[in-house]
């Protein structure tokens, strides 16, 4: 584009750009999952970019406009085309990540599932859409669509259709067995995250015979449909020698991220403790992870500073591990539930004097022996020994 073209063009906020007032103002690009910090002056300018006024009428900040055009935050139109531009405003701390469990049904009986055996609970689609809209309007960024297995949710297509264009990134969590070449291009999410818990032997040790080939079929179908994909892996007794095979495959797919974590002895895993490995074996494997989708601690606080989950019965909880400690009915008021969330400061932890605290952020509070105790997995990852 000619650098002066924007002066005469009608400036409009791009369809994948959303204005958010979190702790400070941001632009969130849902397509790239990228957050741009801006000041109040820039926020005010972008609010006026609704497609009815030319760049020359709005500003003389050429460098900023050019940057926004290059980053697909703004688009320059030859003729006016109006859209509404709003700013999603959050409480402080901001609720940026919401894990929405649409149902508890699943087509697998995984030996390690932290939620335990599948059940019949299912969220009405009207409640799922309403909670998602509340999340978006309160400054939300990433909606983590989970279950059970969300592809079993009979209203999934309707839910995805009704939540399009809300200024959030919708990430579908799946075991991959139900993603096929026939349905992949109809899964109208921004990203699909596949659970890959080993190569063939290791994966099927957790999830059952035949599931690995079904997973690979789903991954290839999603890629062929042009979808962004990512992966998550739990470290267990059957996959500790398979990480190099997984790494090569995952990198070859061009996956945006790979989350790697350690099993926690709860749910179905309580009946299969033999799958657990010592933290000194598991912790180094966590370094295979990459990508920016971490939803844990920040700003001087431990895990959960910007994350909440909603279970199929609409009850909001800190995360799925804390489903026995509800914060309230999310359909009634997601914001009210969020205000009840307890937040643990890093300087309250027993390990507050550790030199690695600002890097590990205290790790997982559920995995720790009590709310203020060190997380043994993170201690091992950073080489910290306890007496």
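All of the numbers you see were taken from the coordinates with simple rules; none came from a lab. Please read these numbers as outputs of a predicted model, since none were measured by experiment. Cβ coordinates were reconstructed from backbone atoms using ideal geometry, including for glycine residues, and neighbour counts include every protein chain displayed.
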Tell me, what is the percent relative contact order of the range 53-192, built from C-alpha pairs under 8 Å that lie six or more residues apart?
-> 23 percent
All-pairs alpha carbon distance profile, the range 5-88, 10 Å steps from 0, percent = 19, 57, 23, 1
Taking the mean number of other Cβ atoms within 10 Å as a proxy for protection, how do you rank 230-236, 102-108 from highest to lowest?
-> 230-236, 102-108
Order of 323, 96, 12 from fewest to most other C-beta atoms within 10 Å?
-> 323, 12, 96
20 Å-binned pair-distance histogram of the chain (Cα, whole percent) = 26, 56, 17, 1
What is the gain in length, in nm to one decimal, between residue 333 and residue 217 on full extension, counting 0.36 nm per residue of separation less the C-alpha to C-alpha distance?
-> 37.8 nm
Spacing of the two label points (7 Å from each Cα toward its C-beta) at residue 79 and residue 350, in nm | 7.0 nm
Ranked from fewest to most other Cβ atoms within 10 Å of their own Cβ, 203, 7 fall in the order 7, 203
Mean separation of Cα pairs under 8 Å and 6+ residues apart, divided by the residue count of the chain: what relative contact order is that in percent?
-> 14 percent
Based on the Cβ-Cβ distance of residue 249 and residue 369, what FRET efficiency does E = 1/(1 + (r/R0)^6) give at R0 = 41 Å, to the nearest 0.05?
-> 0.70
Looking only at the range 339-381, which residues have a backbone nitrogen under 12 Å from a spot 7 Å from the Cα of residue 280 in the C-beta direction?
-> 380
Most exposed first by the Cβ proxy, i.e. fewest other Cβ within 10 Å, how do 372, 13, 166 rank?
-> 372, 166, 13
With runs of 4+ DSSP H residues as the only contributors, calculate the mean residue ellipticity of the chain at 222 nm using -39,500 (n - 2.57) per run, divided by the residue total and rounded to the nearest 500.
-> -6500 deg cm²/dmol
Can you give the Rg to Rh ratio for the range 300-387, taking only C-alpha atoms and Rh from Kirkwood?
-> 1.05
Label-point gap, in nm, between residue 325 and residue 384 - each point 7 angstrom along Cα→Cβ | 2.0 nm
Hey, what D do you get for the range 1-50 in µm²/s if you plug the Kirkwood alpha-carbon radius into Stokes-Einstein at 37 °C and 0.692 mPa s?
-> 277 µm²/s
Gain upon complete extension [residue 183, residue 290; 0.36 nm per residue less C-alpha separation] | 35.7 nm
Pick from 228, 241, 60: which residue has the top mean-square fluctuation in a GNM of the chain where Cα pairs under 10 Å get a spring?
-> 60
Just the Kirkwood number for the range 346-387, please: inverse of mean 1/r across all distinct Cα pairs, in Å, one decimal.
-> 10.0 Å
How big is the gap, in Å, between the Cα center of the range 304-383 and the Cα center of the range 157-179?
-> 25 Å
